[in-house]
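Written below as structure tokens is the structure these notes are about.
The values are calculated or read from the model by the stated rules, or taken from the named source; none is laboratory data. Keep in mind that this is a model prediction, so the values were computed, not measured. Note that we place each Cβ from the backbone using ideal geometry, even for glycine, and neighbour counts take in every protein chain shown. With ligands, DNA and RNA removed, areas are computed over all heavy atoms of the protein, side chains included. Shrake-Rupley method; radii C 1.70, N 1.55, O 1.52, S 1.80 Å.
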Amino acid sequence: MTSPINVEGGGASVVVDGAPGPETKSEPVTLAGRSPGQLMWLRFKRDRTGVICAVVVIGYFVVALLAPLLVKLTGTDPYTLYGQDPTYADKPVLDEFGLPLGYLGGVSGDHWFGVEPQYGRDLYAMLLYGMRTSLYMALGITVLIMVTGVVIGLIGGYSGGRTDYWIGRGTDFFLSFPQQLFFIAFMPVVTSFFVDPREETPTYFRALAMLIVLWLLGWMGMARIVRSTVLSLREREFVEAAKVSGASPWRIVRKEILPNVVTPILVQFTYQLPSTILSIAFLSFAGVGFVEPTPDWGRLFAAGARYAEQDPAFMFFPGLALVVFVLCFNLLGDSVRDAFDPKSGR
């Protein structure tokens, strides 16, 4: 279909519907490129499970950080023996057998998660302070493990030759230790370097001993992952081009290789942190980690094992909190791995 014929100066022109007129100018189309980080973020945002798990994990760390303020809402603390302190005799929380009064381990308006049998300590306050102890200590240990593993893996993978051989043998040596057994065996040894065995070990010395033991026996997995990645990267064209251009080994590692190992580092971090939390809980459960009266996830499980027959509800809230955190962090690790994978369908 055509528009009416326009006659201008004796000439005729026909304008077809939908066709641009002589005065129409086409706009240039600009295509915005996205960096690998932006593509990763877009893939991650489409993963609803990963986003929910990230919110839950961040919420745990926020709750642990604000534990003193949140505990004040109930007017309790993790150290007061509400079942034995005569100050609270007008509000009994234990019966004559030392068991919590009420349902689900003594849950009430004053004690939201119930109380501990025999002593009457508030479980809500103990759990929040225990999360604070375990999460932030595990975070520090995991960062040390990651940094150590990355540095050793970069040195071994890029240097090759004898350096790589001896680093590999040292890694194999540390991997030969049965970790759980040596966690228990090394803790008293490390502690004895700082404190006389006849004296009570301060809490910060116990924390330092756990940090040393878990750090020394935890970096090998990260080192082997980084080493294998670097071995495949150092023969790539962009690394050879950097060598030809005269770049120093430090610059090649920092500018060319390290950015390409970020993905396995982040993925391994999301798996290492919950594993470290479980290791700290295991040490406290075995009696060589944190002890009374320091609140800790592992110590709560150790106490719950003693009270399992008389008060099985004591394990409910600490167990639920730990299971949810570990599950969400592992699912978050899967989501991060899929987001960094360009071949992922997510």
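Here is a yes/no grid of residues against (1) surrounded by fewer than 12 Cβ atoms within 10 Å (Cβ to Cβ); (2) assigned to a loop (DSSP other than H, G, I, E, B); (3) in contact (Cβ under 8 Å) with a residue 24 or more places away in the chain; (4) not hydroxyl-bearing (Ser, Thr, Tyr):
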residue: Val230; (1), (2), (3), (4): no, no, yes, yes
residue: Glu235; (1), (2), (3), (4): yes, yes, no, yes
residue: Val239; (1), (2), (3), (4): no, no, no, yes
residue: Trp250; (1), (2), (3), (4): yes, no, no, yes
residue: Leu258; (1), (2), (3), (4): no, no, yes, yes
residue: Val261; (1), (2), (3), (4): no, no, yes, yes
residue: Ile265; (1), (2), (3), (4): no, no, yes, yes
residue: Gln268; (1), (2), (3), (4): no, no, yes, yes
Among the listed residues Val189, Val244, Val230, which satisfies the condition of being under 18 Å from Asn260 (Cβ atoms), out of contact with any Ser or Thr (no Cβ under 7 Å at 6 or more places or on another chain) and β-branched (Val, Ile, Thr)? Val230
Taking interchain pairs and intrachain pairs at least six residues apart, which have beta carbon atoms under 7 angstrom, with the first residue in segment 173-193 and closer than 12 Å to Phe205 by Cβ and the second surrounded by fewer than 13 Cβ atoms within 10 Å (Cβ to Cβ) and not β-branched (Val, Ile, Thr)? none
Within segment 61-83, how many residues are open to solvent by 30 Å² or more (accessible area, probe 1.4 Å) and either part of a helix (DSSP H, G or I) or modelled with pLDDT of 85 or more (or both)? 14
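Would it be correct to say that Trp250 is of a type in the set (Phe, Trp, Tyr) and under 27 Å from the mean Cα position of the chain (by Cα)?
Values: of a type in the set (Phe, Trp, Tyr): yes; under 27 Å from the mean Cα position of the chain (by Cα): no.
Against the criterion (of a type in the set (Phe, Trp, Tyr) and under 27 Å from the mean Cα position of the chain (by Cα)), Trp250 does not qualify.
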How many residues does segment 147-160 hold that are open to solvent by 60 Å² or more (accessible area, probe 1.4 Å) and more than 16 Å from Val267 (Cα to Cα)? 3
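Being open to solvent by 40 Å² or more (accessible area, probe 1.4 Å) and of a type outside the set (D, E, K, R): is that true of Leu94 here?
Working: open to solvent by 40 Å² or more (accessible area, probe 1.4 Å): no; of a type outside the set (D, E, K, R): yes.
Against the criterion (open to solvent by 40 Å² or more (accessible area, probe 1.4 Å) and of a type outside the set (D, E, K, R)), Leu94 does not qualify.
Taking the options Leu273, Leu300, Leu331, name whichever one is open to solvent by 40 Å² or more (accessible area, probe 1.4 Å), over 30 Å from Ala242 (Cβ atoms), in a helix (DSSP H, G or I) and not β-branched (Val, Ile, Thr). Don't jump to the end; show me each part of the working.
Details: Leu273 fails: open to solvent by 40 Å² or more (accessible area, probe 1.4 Å); Leu300 fails: open to solvent by 40 Å² or more (accessible area, probe 1.4 Å).
The match here is Leu331.
For segment 193-202: of the residues being out of contact with any helix residue (DSSP H, G or I) (no Cβ under 9 Å at 6 or more places or on another chain) and not acidic (Asp, Glu), which is most open to solvent (accessible area, probe 1.4 Å)? Spell out how you get there, then give the answer.
Filtering segment 193-202 for residues out of contact with any helix residue (DSSP H, G or I) (no Cβ under 9 Å at 6 or more places or on another chain) gives 196, 198-200, 202.
Applying the additional criterion that residues be not acidic (Asp, Glu) yields 198, 202.
Working: Arg198: 205, Pro202: 41 Å².
Out of the qualifying residues, it is Arg198.
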What tally of residues in segment 306-326 results from selecting those that are hydrophobic (A, V, I, L, M, F, W, C) and free of Cβ contacts under 8 Å to residues at least 12 places away in the same chain? 3
Which of (1) in a loop (DSSP other than H, G, I, E, B); (2) of a type outside the set (A, V, I, L, M); (3) modelled with pLDDT of 85 or more; (4) open to solvent by less than 50 Å² (accessible area, probe 1.4 Å) is the odd one out, the single condition Tyr124 does not satisfy? (1)
Apart from one, (1) loosely packed, with under 14 Cβ neighbours inside 10 Å; (2) assigned to a helix (DSSP H, G or I); (3) in contact (Cβ under 8 Å) with a residue 12 or more places away in the chain; (4) small (Gly, Ala, Ser) all hold for Ala223; the odd one out is (1)
